[in-house]
1. Outside any helix (DSSP H, G or I) and either modelled with pLDDT under 75 or more than 30 Å from Q150 (Cβ to Cβ) (or both): is that true of L60 in this structure?
2. Out of all the residues in region 8-44, which are surrounded by fewer than 11 Cβ atoms within 10 Å (Cβ to Cβ) and more than 11 Å from W76 (Cα to Cα)?
3. Is it the case, given these coordinates, that D64 is surrounded by 14 or more Cβ atoms within 10 Å (Cβ to Cβ) and over 16 Å from R11 (Cα atoms)?
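The values are calculated or read from the model by the stated rules, or taken from the named source; none is laboratory data. Quick caveat: nothing in here was measured; it's all calculated off a predicted structure. So basically every Cβ, Gly included, is an ideal-geometry build from the backbone, and we count neighbours across all protein chains shown.
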Amino acid sequence: MRNIYHSVEQRQKLFIQLYKTAFPAIAKYISRLGGTADEAKDVFQDVLIIYYEKMVAQALPEKDIAYMVGTSKNLWLQRYRENNRQVSLDSIDIPASEAETPADKRLLNFLAVAGKKCMDLLKSFYYDQSPAAELAQQFGYSGVRSVTVQKYKCLEKVRETVKQKSLTYADFME
């Protein structure tokens, strides 16, 4: 444990030493996960604040650098998850050459075997994420249970076609 009554100069020396020893490891980690130098600096500043709060509370572990690197990893992963959650699919531009691969075309052909109504139902359910009650109205089914049964039957048609062709998951991957 550290004495919280360090002089200003002692705290400055401690923080400079921590910056020299801990920051390179933190920056390297964040860089490997696609972060920038500025993001690494932001995370490191947050870690220093957390570190200082722990120092004042006299609740620091003995290994400063390991604690700081571990804390920075947690902070970066938290920011990374938040940033990825906020990315809209509309903002991602997929070139036409990547939009449809041969595997995509094969899958669409198998879905087409199930019929247009099945394709429309599966698209509405999985892609559009329409509620089953809404799908019952849209497709003229008597209720939610009928929608789930029909969806199952459509998937079984596709599975049976794939089975008849003796295809595996790898056939759809490039």
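1. Working: outside any helix (DSSP H, G or I): yes; either modelled with pLDDT under 75 or more than 30 Å from Q150 (Cβ to Cβ) (or both): yes.
Considered against the rule, which asks whether it is outside any helix (DSSP H, G or I) and either modelled with pLDDT under 75 or more than 30 Å from Q150 (Cβ to Cβ) (or both), L60 comes out as yes.
2. Taking region 8-44 first, the residues surrounded by fewer than 11 Cβ atoms within 10 Å (Cβ to Cβ) are 8-9, 16, 20, 32, 34, 37-38.
Hits for region 8-44 are V8, E9, I16, K20, R32, A37, D38.
3. Values: surrounded by 14 or more Cβ atoms within 10 Å (Cβ to Cβ): yes; over 16 Å from R11 (Cα atoms): no.
So D64 fails the test.
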